[in-house]
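The values are calculated or read from the model by the stated rules, or taken from the named source; none is laboratory data. The shown structure was predicted, so the numbers you read here are calculated from the model rather than taken from an experiment. Positions of Cβ are generated from backbone atoms using ideal geometry, with glycine treated the same way; all protein chains shown enter the neighbour counts. Protein only, heavy atoms only, side chains kept; ligands, DNA and RNA dropped before computing areas. Shrake-Rupley method; radii C 1.70, N 1.55, O 1.52, S 1.80 Å.
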Amino acid sequence: HEARVQIATLGLHLELHAREHGALPEALEDIAEPLPTADPFRDAPYVPMRDADGGWRVYSIGPDGKDDGGRPLDDDDEGDLVWRQPVTP
């Protein structure tokens, strides 16, 4: 549950940044607030990535312990815990 809450926190900060600045940040470091960084499923930070459409995807490798490249967790418990933040019009 910790990872899901932290991923949602990161996603909400992305949304707030977009609303305040009119666009998503170029890098997570551009968000002034302190952000959660440590993925509880491994000894490394959460993985941020820009999508081709300019949105963001932030994810934890999830309970299977494998980095699935930001593919959302499926019914077989394979995949990552993902927050997708699309470009806000």
Check: Of all residues in segment 46-88, how many are part of a strand (DSSP E or B) and open to solvent by 80 Å² or more (accessible area, probe 1.4 Å)?
Finding: 2
Next item on the list: Could you give me the residue pairs with C-beta distances under 8 Å whose first residue belongs to segment 32-44 and is assigned to a loop (DSSP other than H, G, I, E, B), whose second residue is at pLDDT below 85 wherever it lies, and which are 6+ apart or on separate chains?
Entry: Leu35/Leu28
Item checked: Residues within segment 1-24 that are surrounded by 15 or more Cβ atoms within 10 Å (Cβ to Cβ), more than 14 Å from Arg84 (Cα to Cα) and free of Cβ contacts under 8 Å to residues at least 40 places away in the same chain, tallied -> 1
Check: In this structure, is Pro34 closer than 22 Å to Asp77 by Cα, open to solvent by 40 Å² or more (accessible area, probe 1.4 Å) and not charged (D, E, K, R)?
Finding: no
